[in-house]
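These notes are about the structure you will find just below.
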Amino acid sequence: MYPPPYYHTTDRAQLKAFLQQHYFGLLLSNNGSISYTPLPFLFAWHSGSDKAYCHLARNNPQLAQLDSAEVCIVILGPHAFVAASCYSKQPAVSTWNFAMVELKGIARVLDNEQTLALVRQQEAHSAPAMAQSEAYQQQLVKAIAGVEISLTEVSGRFKLSQNKLLAEQQAVIRYLQQTEQPATVWQLMSAGD
């Protein structure tokens, strides 16, 4: 779906807030053919040196092509069908509202010690009560490899009916609330109020 420029954003605060809630996406790389792996990501925001982190199984073929490679991360957020009946101007077409962030950068495969530190950090973020023995952690690190991505570009596309009249936006929100659509789309739309 081609989004016009008014759906595009590079607003750092908006993108960071989105990525705090939505951090599972695709790591894409291209070494003659496109490879991708669905992964959770951890982000570190430092002005001028933003980073993304993930880890892959060592037997994942994509891992062999990542060190020093240019990669792309695509994080898809909430999305929902919007019926044409929501719009006052007819005839109209149905559409899809969605939110996504695209991050580009250069990947670097981490060594075992760095990978273990990353896994501990991810567990502290996602499962703080989880404790694993040192022996198990050493086994784990032999099966995975961490990846650090130095981000060069972060942008988002938030197609949330911004180009519609306020009354039509409210009609879309009501429609999404009354259907089986993911609630998070209308919540994102309402956040701008």
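The values are calculated or read from the model by the stated rules, or taken from the named source; none is laboratory data. What you see is a predicted model; the values in this text were computed from it and never measured. Note: ideal-geometry Cβ built from the backbone for every residue, glycine included; neighbour counts use all protein chains shown. We work out accessible area using only protein heavy atoms, side chains counted, and drop any ligands, DNA or RNA first. Shrake-Rupley method; radii C 1.70, N 1.55, O 1.52, S 1.80 Å.
Some observations on this one:
- If you check SER133, SER155 for being hydroxyl-bearing (Ser, Thr, Tyr) and under 30 Å from ARG58 (Cβ atoms), only one passes: SER133.
- Test result for PHE158, open to solvent by 20 Å² or more (accessible area, probe 1.4 Å) and not β-branched (Val, Ile, Thr): no
- Qualifying residue in the range 164-171 (condition: touching a His at 6+ places or on another chain (Cβ under 8 Å) and surrounded by 18 or more Cβ atoms within 10 Å (Cβ to Cβ)): no
- Scanning the range 84-114 for residues that are surrounded by 15 or more Cβ atoms within 10 Å (Cβ to Cβ), over 16 Å from the mean Cα position of the chain (by Cα) and of a type in the set (Val, Ile, Thr) yields THR95, ILE106, VAL109.
- Qualifying positions in the range 56-71 - farther than 14 Å from GLU153 by Cα and open to solvent by less than 60 Å² (accessible area, probe 1.4 Å): LEU56, ALA57, ASN60, GLN62, LEU63, GLN65, LEU66, ALA69
- Only one of the numbered conditions (1) over 17 Å from PRO40 (Cβ atoms); (2) open to solvent by 70 Å² or more (accessible area, probe 1.4 Å); (3) touching a residue at least 12 places away in the same chain (Cβ under 8 Å) is violated by GLN121, and that is (1).
- Number of positions in the range 112-171 that are part of a helix (DSSP H, G or I), out of contact with any strand residue (DSSP E or B) (no Cβ under 8 Å at 6 or more places or on another chain) and modelled with pLDDT under 85: 10
- In the range 21-33, residue farthest from the chain's Cα centre (by Cα) [restricted to those that are at pLDDT 95 or above and either open to solvent by 100 Å² or more (accessible area, probe 1.4 Å) or on the phi > 0 side of the Ramachandran plot (or both)]: ASN30
- Filter pass, SER68 being in contact with a Lys or Arg (Cβ under 9 Å, 6 or more places away or on another chain) and either at pLDDT below 95 or part of a loop (DSSP other than H, G, I, E, B) (or both): yes
- Top-ranked residue in the range 13-33 [being in contact with a Ser or Thr (Cβ under 9 Å, 6 or more places away or on another chain) and part of a helix (DSSP H, G or I); ranked as farthest from ASP67 (Cα to Cα)]: GLN21
- Scanning the range 34-44 for residues that are without any contact (Cβ under 8 Å) to a residue 40 or more places away in the chain and open to solvent by less than 60 Å² (accessible area, probe 1.4 Å), we see that the one that is farthest from ALA124 (Cα to Cα) is SER35.
- Unmet criterion (only one of (1) open to solvent by less than 70 Å² (accessible area, probe 1.4 Å); (2) at pLDDT 95 or above; (3) closer than 30 Å to THR179 by Cα) for ALA80: (2)
- Any chance PRO3 is assigned to a loop (DSSP other than H, G, I, E, B), open to solvent by less than 60 Å² (accessible area, probe 1.4 Å) and not aromatic (Phe, Trp, Tyr): yes
- Pair list, Cβ < 6 Å and 6+ apart or interchain, from the range 80-106 residues that are free of Cβ contacts under 8 Å to residues at least 24 places away in the same chain to residues that are among the hydrophobic types (A, V, I, L, M, F, W, C) and part of a loop (DSSP other than H, G, I, E, B): ALA84/ALA92; ALA84/VAL93; SER94/ALA83
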